[in-house]
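Peer 1: Starting off with a structure, shown below.
The values are calculated or read from the model by the stated rules, or taken from the named source; none is laboratory data. In this text the structure is predicted, and so the values were computed from the model without any measurement. Cβ atoms come from the backbone with ideal geometry, glycine included; neighbour counts cover every protein chain shown.
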Amino acid sequence: MKILNNKTFLSSRASIRTVLLIVVIMLGSWSLICSFQRMGGNLSDYSRSRNLSIWAGFGTRLLTAAQHFAYERGRTAVVLCSFDRISQKNRMFLDNRRKLADAALTSVFEKVEELPEIGYSDALKNWNILKEIRQQVDRDSALLSASRDPYLPGKWVHAANNLIMSIQQLIQNLVGYFPPGGITTRLTLLGSSALELRISAGMEANLIAQALSAHKIPEQEFMQSVYKLRGKENRLWNEIDRLASYLKMTSLQNMASEVKRHHVFEFRPIQDQVLKNLQSGRKSSVLIEKLTDASLPVLDGISNLTTFTAENTVKIAEEGMIRSRNKLVINSVWSFLIFLFSVMAVIYVVRFIVKPLEQIDAKLRRIGALSKIEESGNEISRLDASTDALENALNELQKALANVKKLSGLLPMCSNCKKVRDDKGYWQQVEEYVSQHSDTTFSHGLCPDCIIKLYPDIADEILKK
């Protein structure tokens with residue numbers, strides 16, 4: 001019987017069913033880990049996109065509040081510098097701007113816990129200060145110029161500027177949490193630049209309107225402030241043009257170009273005419289109503305530019321959040337399907353591969369035990385050894401069968417002398433025939449019956465031996 005002495009590579013390893021199960025589980029686990037990692041990345045992206053969407057909304061409200069505060073600041077300063085009581089038109093204008101500004105800023109402070117730490121305490125403090133000064137403004141604006149507090153206009157403008165600058169600082173701090181180089185960041189920066197431009201242009205318009213209302217000859221310091229503001233406005237327009245070109249939004253570029261044209265080529269010539277008349281000491285040919293009416297399209301255009309960027313920032317942020325959420329849902333579904341497929345694969349392997357292999361292995365072990373084969377490492381080795389053992393057994397059986405066939409069939413025998421006739425017709429002694437046709441050899445002796453028959457006198461003694 002052949003015993004395997006040379007073990008194959010697999011014979012020194014674990015059983016095939018164990019290796020197969022391990023491979024299936026490892027593949028399933030690897031797929032799940034990759035899927036969960038991808039899902040974790042999508043969850044992180046969704047969280048960032050959601051925060052960006054929320055923060056963009058807050059940024060929009062801050063921009064809106066700053067714009068309306070800027071309108072209130074300028075119109076209030078003009079009213080306080082005029083000789084007459086506040087008109088009904090200006091009263092309605094201021095009430096509307098206050099309402100819109102306060103509503104926008106209130107919506108931010110009510111949900112400030114959703115914002116990162118951007119230092120909102122200064123803005124809240126400046127807002128409360130402005131509310132107190134508003135009460136003085138309402139009292140003095142109903143009086144003639146001679147009965148008003150002469151320091152109130154400066155006090156008002158200072159408080160309004162502090163509030164607007166603190167809101168602008170909030171926006172800049174909030175932008176610092178946006179991803180660098182993203183479209184939302186550039187849009188917010190453009191909106192912040194437009195807001196700063198609106199503040200500067202509003203301050204310039206306010207200074208000139210105050211001078212016109214007071215019929216004062218502008219001093220050198222006054223003109224330096226105007227030129228300084230204009231230089232800042234020019235730099236901001238260059239920044240807006242640069243950011244608009246990066247964004248490659250045709251509608252935004254067209255809007256910025258149109259507002260810039262109104263500002264530089266239509267409104268400034270009117271301001272220059274007012275300044276020229278004031279410097280010459282002549283009565284201005286431009287009335288205060290015409291100047292303020294001419295400023296509205298420019299300031300409104302800059303405000304619309306700010307609103308446009310803010311709305312698009314929110315829109316793009318929400319679209320990014322939706323995309324991230326969809327990716328998260330899709331990867332969650334894929335993770336579930338991969339998990340389900342892995343479980344089904346394990347069940348299939350166990351049911352249709354592992355269990356049949358166990359049954360085969362049990363039979364192979366039984367064959368090995370009967371054939372006295374050494375225990376092998378796995379099913380293939382045991383199958384190989386059992387196959388060799390079965391081949392050896394089959395060869396021996398074939399040999400035995402061949403011997404059996406030699407002595408099988410009808411054998412003629414003489415009834416008298418007990419000779420047998422072979423296939424060639426020759427008669428032979430039985431001993432001779434059997435010796436020729438098998439591995440049997442004969443030795444001669446006497447059976448008990450023949451001893452008694454042939455040697456009756458000494459049969460008893462022979463049988464006793």
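Peer 1: Could you say which residue among Thr76, Thr64 is within 30 Å of Asp149 (Cα to Cα) and in a helix (DSSP H, G or I)?
Peer 2: Of the residues listed, the single one that is within 30 Å of Asp149 (Cα to Cα) and in a helix (DSSP H, G or I) is Thr76.
Peer 1: On to the next question. Collect the residues in segment 112-140 that are assigned to a loop (DSSP other than H, G, I, E, B) and in contact (Cβ under 8 Å) with a residue 24 or more places away in the chain, keeping them in residue-number order.
Peer 2: Leu115, Pro116, Ile118, Gly119, Tyr120
Peer 1: Which one of these is of a type in the set (A, V, I, L, M, F, W, C), touching a residue at least 12 places away in the same chain (Cβ under 8 Å) and assigned to a helix (DSSP H, G or I): Ile208, Ile217?
Peer 2: Ile208 is the lone residue from the list that is of a type in the set (A, V, I, L, M, F, W, C), touching a residue at least 12 places away in the same chain (Cβ under 8 Å) and assigned to a helix (DSSP H, G or I).
Peer 1: Still on this structure, I have one more. Any chance segment 141-162 includes a residue that's surrounded by 18 or more Cβ atoms within 10 Å (Cβ to Cβ), charged (D, E, K, R) and either in contact (Cβ under 8 Å) with a residue 60 or more places away in the chain or assigned by TED's automatic domain parsing to the domain that holds Leu94 (or both)?
Peer 2: Taking every residue of segment 141-162 in turn, at least one turns out to be surrounded by 18 or more Cβ atoms within 10 Å (Cβ to Cβ), charged (D, E, K, R) and either in contact (Cβ under 8 Å) with a residue 60 or more places away in the chain or assigned by TED's automatic domain parsing to the domain that holds Leu94 (or both).
Peer 1: Could we say that Gly28 is under 24 Å from Ala104 (Cα atoms) and modelled with pLDDT under 85 here?
Peer 2: Here the answer is no, as Gly28 does not meet what is asked.
Peer 1: Another question, then. Here are some residues: Ala317, Ala393, Ala385. Which one is modelled with pLDDT under 85, closer than 30 Å to Ser53 by Cβ and in a helix (DSSP H, G or I)?
Peer 2: Step by step, each of Ala317, Ala393, Ala385 is checked, and only Ala317 is modelled with pLDDT under 85, closer than 30 Å to Ser53 by Cβ and in a helix (DSSP H, G or I).
Peer 1: Specify which of the listed residues (Leu296, Leu305, Leu278) is under 19 Å from Leu236 (Cβ atoms) and either not hydroxyl-bearing (Ser, Thr, Tyr) or not in a helix (DSSP H, G or I) (or both).
Peer 2: Result: Leu305 is the single residue among Leu296, Leu305, Leu278 that is under 19 Å from Leu236 (Cβ atoms) and either not hydroxyl-bearing (Ser, Thr, Tyr) or not in a helix (DSSP H, G or I) (or both).
Peer 1: A further question follows. Report, by residue number, each residue of segment 258-283 that is within 54 Å of the chain's Cα centre (by Cα) and either among the charged types (D, E, K, R) or surrounded by fewer than 14 Cβ atoms within 10 Å (Cβ to Cβ) (or both).
Peer 2: If the condition is that a residue be within 54 Å of the chain's Cα centre (by Cα) and either among the charged types (D, E, K, R) or surrounded by fewer than 14 Cβ atoms within 10 Å (Cβ to Cβ) (or both), then Glu258, Lys260, Arg261, Phe265, Glu266, Arg268, Pro269 are the ones that fit.
Peer 1: Does Leu80 qualify as being assigned by TED's automatic domain parsing to the domain that holds Ala294, crowded, with 21+ Cβ neighbours inside 10 Å and more than 49 Å from the chain's Cα centre (by Cα)?
Peer 2: For Leu80, the condition - assigned by TED's automatic domain parsing to the domain that holds Ala294, crowded, with 21+ Cβ neighbours inside 10 Å and more than 49 Å from the chain's Cα centre (by Cα) - is met.
Peer 1: Which pairs have Cβ atoms under 9 Å, sit 6 or more apart or on different chains, and link a residue in segment 435-450 that is without any contact (Cβ under 8 Å) to a residue 40 or more places away in the chain and on the phi < 0 side of the Ramachandran plot to one that is part of a loop (DSSP other than H, G, I, E, B) and surrounded by fewer than 10 Cβ atoms within 10 Å (Cβ to Cβ)?
Peer 2: Taking only residues 6 or more apart or on different chains, the pairs are Ser435/Thr441.
Peer 1: Going through segment 232-250 one residue at a time, which ones are out of contact with any helix residue (DSSP H, G or I) (no Cβ under 8 Å at 6 or more places or on another chain) and of a type outside the set (Val, Ile, Thr)?
Peer 2: Across segment 232-250, the qualifying residues are Asn234, Arg235, Asn238, Arg242, Lys248.
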